[in-house]
Every structure is written in C-alpha cells, then in structure tokens.
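Just below is one structure, and these are the notes that go with it.
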Amino acid sequence: MGFFLEQTLGIECYFKEMILDLNNTAKQYKRPFLIAGPCSAETEEQVHSVAKDLAEKSTTAILRAGIWKPRTRPNSFEGVGEEGLNWLVNAGKKNGLPTTTEVANAKHVELALGAGVDVLWIGARTTVNPFAVQEIADAIKGTKITVMVKNPVNPDLMLWIGALERFQQAGIDDLIAIHRGFSVYNHPKYRNVPNWEIPIALVEKMPDIPLICDPSHISGRRDGLQEVAQKAMDLNFAGLMLETHNNPDQAWSDPKQQVTPDGLVDLMSKLKLRKEHLSKDEMSFIGLMRGKIADLDDKMFSMLSERMKIAEEVGIYKRENDITILQQEHWKEIIEKRLSQSEELRLTPKFVRSVMDAIHQESIRHQTKVMNPDLIE
Ligand code: PEP
Ligand code: MN
C-alpha cells in the first residue's frame, strides 16, 4: 500500500488529494483527508459502533484507535492491548475503512502488522526518543507500511525531522507527519500549544511529506476543535486527525476532547476550504497589492540602511569622545515614544516592541563595529 499526493511545488505547497492505495486499488480522497476514531479502543462493541457510524455518516478515510496508551501517570487505563487489534481490524474490514494504531516499540509493530493494521503511527512521547524511533524503524524495515509520525512533545523541529529521516533510511517511502502541538504547563487555551511556525518549517524542509493536523490533542477541548481545524485548513494542511467516540463523556481516555460522529460531521461541514488557484481578476488585484507592499518594503529597508549609517556616525563620535554605546535613558525615551503610538498606528505594542528591539540591536552592532574595528563577530 502507499500514499501519494498531488501538490504544487514551492513553499506554499498545497496538498490537493491523497490517494490511499490498498491492495493496488487506489482510492482517492479529497482534502481534508480525515482520520477519525476513538482515542482508545475500549470494548469490541465500542470500536464496531463508532466505525459503523463513521463509515455511514462521515468522510473518514482511516479508522484510528489507540491499543497501547502512553498515559502520564500509572494506574490509569493504559489501553486494552493486543486483543483490541482484532476489534480494530475487523471493524475496519466490516465498514470498508483502513485502520491505524500507535506503536511504541518493536513488539507493538510485530503485533500490529501481524493483525493486519494498515497504517502505523508514532506518538508524540515516542518521537522524542531516538532509541525508540530507531527500534521501530528497524522493526518496520523491509515492509511497505505507511507510517505517520507525530511531532515530539517538545517544540523541536529537528527531532521531528530526525524521526522522519529514520523511517526514510529504513526504506519507508510513505510517510505522513502529524502536528499535535507541543507540551506546555497550564496554558489557558490549549492542551498542547500549536506553535504553527514549526509545522510550516517542516513543510518547507520536507515538502514531499503530507502534513496532517490533530486538533484533538492541540485543543484538548471539544469547543476548541473547530478553530484549530480551520486554522490548519487555512495553512494548507492535507488533513485532520480527530478523536471520535460514541459517548465521549464516558470515554476511558481523553473524554473532554472527543466528539461524537455527528459532532464530527458538523465540524467538517462548517470548515471553510479556501481555494488554491486565483482567478485572473483575483490575481491582478493581489498582484497589484503585492507590488505596493514590495515598494513599501524597498523603502523601509533603504531607510533602515540609512538609519544604520547615521548610527555609525554617532558611533564614531562616541568613540572619539569616550561615550558608552548604550545610553539607557535615551533608549527608554525612544521605546516609550514608539509604544505610545502603537494604538494610533494600529500595531500591537508587542510588535512595536520587537521591531524596535531588532532595530536597536542592529544599531548597537554597527556602533560596536565602529568602536572595535578588529572585533570578530
Ligand atoms: C493519541 O493520538 O491518542 C495520542 C496518544 O496522541 P499523542 O501521541 O499526540 O499524545
Ligand atoms: Mn488521545
């Protein structure tokens, strides 16, 4: 089996379709490619009933269910284990859905492949550990299985890339990345903060790997799923993984973030899928506006360059008169003046502060160079 995707090239790459090729019968799915199912398989009946509803009502492409659950603390439900694999695979077969589960070691791989699970995923707590990832990659080597790699719990792009590379080096061509957010202590809004710049950077560095968003683990709450899913669509993610349960409040794991199949259908129907290609009119308007923005950027940068030349002249004067580079009082005045203008300029104080900090640091760099011409940067 394998995953292929059509995409336009370049940084603004856009995954149009995914083709899931099971037993050489390529089935094509429109964006967003949807992976749904319970956080955990709990009982045979539960897995079958959610699979049936998902197949009948939704556009689910792959049925998920956790069999071995990496729980934060001991003595909580840690998954039903091996016996759940058959529930998942049979529920998938009965309802025409390929299946996926999380594997965290070589034994899990052996059991999941033996049971006929179609796609494996690596959980966030496993991606952080190169030993575990390598063990799984070695166990998978030689198969043609599709592997989905969740981001590590910590916001480390290279660790995520490293895990994907370990599978590439084991000969796995069909890889998918799943963005599930990054661990944070007591955040008011998210269970795992999205740090969207990290998945965006991943697409830039590994443009051939489809990227899927998991709003369930980012939001941690049912009422936050829509917003995260929409944001992922607006950032051209290929698809979504959403935890779905027939009785979410009674779920044995992650009860707050799971939705019913009907809730899932409702969420998907409210998603606004914005188009990739622009019409001629749209293109000419946007082209005109982009031109204006580029002109402003030109002016802005030549003014910044001019500003640095003046800063250097000041630097020469400071050098000749033994004056310190940093004049704390003066800097305080400058920053306060700009911050007080932020509302009128319709810019956030945070933005004004960071622009001024960057300009000030660059000025200090120029003056330091003038003062110490031999300094190696
Ligand atoms: C899950 O998908 O149920 C799961 C455990 O996810 P993560 O590895 O992202 O925490
Ligand atoms: Mn979960």
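Structural remarks
- What the Kirkwood sum gives for the chain is a hydrodynamic radius of 23.6 Å, with every pair of different alpha carbons counted.
- Contact order for the chain, expressed relative to its length and based on alpha carbon pairs under 8 Å spaced 6+ residues apart, stands at 13 percent.
- Backbone phi angles across segment 62-69, fed through the Karplus curve with coefficients 6.51, -1.76 and 1.60 (θ = phi - 60°), yield HN-Hα couplings of 9, 8, 9, 6, x, 9, 10, 9 Hz in residue order; Gly and Pro are listed as x.
- With Cα atoms, 0 to 90° folded angle of helix 280-320 axis to the chain main axis: 50
- Dipole axis of the chain (+1 Lys, Arg; -1 Asp, Glu on Cβ), positive-most option in ALA294, THR244, ASN195: THR244
- Normalised contact order of segment 280-371, rounded percent, pairs of Cα under 8 Å and 6 or more residues apart: 41
- Beyond 28 Å in Cα-Cα separation lie the following of the pairs LYS189/LYS337; LYS93/LYS141; LYS30/LYS93; LYS57/LYS272: LYS189/LYS337.
- Debye, to nearest 20: dipole size of segment 258-377, +1 on Lys, Arg Cβ, -1 on Asp, Glu Cβ: 380
- The value obtained for segment 280-320, namely the Cα convex hull volume divided by the number of residues, is 30 Å³ per residue.
- Hydrodynamic radius (Kirkwood) for segment 27-72, which is based on Cα pairs only, to one decimal in Å: 11.5
- Accessible surface of the chain [probe 1.4 Å, protein heavy atoms]: carbon and sulfur percent: 54
- Order of exposure, largest accessible area first, which applies to ASP138, ASP208, ASP53 with probe 1.4 Å: ASP208, ASP138, ASP53
- Sorted on the mean count of surrounding Cβ atoms within 10 Å across their residues, most packed first, peptides 327-335, 121-129 read 121-129, 327-335.
- A 1.4 Å probe run over the chain, with the rest of the protein chains in place, finds 54 Å² accessible per residue.
- Here the chain is assigned +1 on the Cβ of each Lys and Arg and -1 on the Cβ of each Asp and Glu. Its dipole about the Cα centre then comes out at about 500 debye.
- When Rg and the Kirkwood Rh are both derived from Cα coordinates, the Rg/Rh ratio for segment 280-371 amounts to 1.13.
- Highest-first packing order for the peptide set 73-79, 186-192, 88-94, 223-229 is 88-94, 223-229, 186-192, 73-79, based on the mean count of other beta carbon atoms within 10 Å.
- DSSP beta bridges in the chain [antiparallel fraction, %, rounded to 5]: 35
The values are calculated or read from the model by the stated rules, or taken from the named source; none is laboratory data. What you are looking at is a predicted structure, and each value in this text was computed from that prediction instead of being measured. With ideal geometry, Cβ positions are generated from the backbone for all residues, glycine too; neighbour counts draw on all protein chains shown. Accessible surface is based on the protein model in full, side chains and every heavy atom, while ligands, DNA and RNA are left aside. Shrake-Rupley method; radii C 1.70, N 1.55, O 1.52, S 1.80 Å.
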